[in-house]
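What follows draws every value from the coordinates through simple rules; no lab data is involved. These figures come from a predicted structure and were not determined experimentally. As a convention, Cβ positions derive from the backbone with ideal geometry for all residues, glycine included, and neighbour counts pool all protein chains shown.
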Amino acid sequence: MIDFRSDTVTKPTKEMRSAMANAIVGDDVYGDDPTVNQLEELAAKMTGKEAALFVPSGTMGNQLAIMTHTSRGDEFILGKNSHIKNYEVGAAATLSGVSYHLVDDENGLLDIEKVRKGIRGIDVHYPTTSLICMENAHGTGRVAPVSYMKEIYDLAKEYNIFVHTDGARIFNAAVHLNIDVKELTQYTDSLMFCLSKGLASPIGSILVGTKDFIHQARRNRKMLGGGMRQVGILAAAGLISLQEMTKRLHIDHQNAQYLASELNKLKGFTVDMDHLDINMVFVKSSYDLNRLKEYLMQKDILLGGYKGEYMRLVCHNDITKNDIDAFIQEIRYWIKER
Ligand code: TLP
């Protein structure tokens, strides 16, 4: 199976499986799982934050951040194309009782002037703006520079507003910019990143922030039923994600560039080169992509995308250059046989 649908599909590596089998565990709800504690300490250190919390998913990490930074009835500012807006089941409204103030985020960057305009003043009619959410790397495959994160952060601080970053792929962003991840994370109060995407853990994400913030987020995680007991078994894989897998993300980026250049050689296929900062390739075609998808499925090749309008191909630890060549070969064959 060659699975381009997402980097969420990565299987745990051999080293992870062995670390998981041998993990020393305790009851994390009591705070005494040493492997979880080690993972949380390392995650906080690597991102330059005071504390970290291991959570089951990126969605839970983002939602805990919103719940912890805001009060019911508040409004928070986020991008129209953000994951929190589009793919988290509207959870912020349901779980935190907050409303969404959406601003344009063409190319994954919040329009700073629209963010400024979106911050509410003091008026009896208005909800309180308590949080701004960024996303970096963005789901559109774009990475925002440090200067952008600083600009948003400085603006938020001018108004005493918290900043949360959905950094599901923040290590991909740092690799693209060729900087330490701390250069990005210094401009956000809290950040969620995923261990279970390009970093290849089977499950898990991390929320980082101040000690007080993480203490409260831990209580909120418990409230949502996210207290995970002997979860050192998963944290053991997470440690390998942080220690080892962060060092190989550039390979996925190189493979994505290679895949893009091979696809661009095919007549009728156009890669969006402006959205090729990380491990994702977005492709449009004059051919019926739904048909191509069905054909490739029979060949054990899986693609992502949106209603046949484009393909999203994600490179990851389980995709090799040979897999890319095999995929391109199958498309060539399909075009010829149609
Ligand atoms: N993204 C998934 C899908 O949900 C779209 C994917 O295949 O890319 N933030 C961002 C930017 C994400 O891309 C995702 C997952 C999440 C948060 C949520 O993470 P999980 O799936 O662990 O809840």
At 7 Å along Cα-to-Cβ for each site, give me the label-to-label distance between Asp104 and Tyr333 in nm. 4.6
What helix-only [θ] at 222 nm does the chain give? Using -39500 (n - 2.57) per DSSP H run of at least 4, over all residues, to the nearest 500, the answer is -12500 deg cm²/dmol
When the convex hull of the C-alpha atoms of the chain is computed, what volume per residue in Å³ does it have? 132
Ranked list, fewest to most other Cβ atoms within 10 Å of each Cβ, for Ser82, Ser205, Ser285: Ser285, Ser82, Ser205
Please report the equivalent ellipsoid semi-axes of the stretch 15-147, computed as sqrt(5 x eigenvalue) of the Cα gyration tensor, largest first, in whole Å. 33, 19, 13
Which whole-number percent of Cα pairs in the stretch 83-195 have a distance greater than 15 Å? 65
To make sure I understand, if each residue's beta carbon is the centre and we count other beta carbons within 10 Å, what order do Arg332, Arg72 fall in, fewest to most? Arg72, Arg332
Going fewest to most other Cβ atoms within 10 Å around each Cβ, Ser96, Ser147 line up as Ser147, Ser96
With both partners inside the stretch 10-245, how many of the DSSP beta bridges are antiparallel, as a percent to the nearest 5? 35
Using label points projected 7 Å from each Cα along Cα→Cβ, tell me how many nm separate Tyr287 and Gln38, to one decimal. 4.8
Treating the Cα atoms of the stretch 94-156 as identical point scatterers in vacuum, please give the log10 of the normalised Debye intensity I(q)/I(0) at q = 0.23 Å⁻¹, two decimals. -1.05
Give the relative contact order (percent, whole number) for the chain; include only Cα pairs under 8 Å separated by 6+ residues. 25
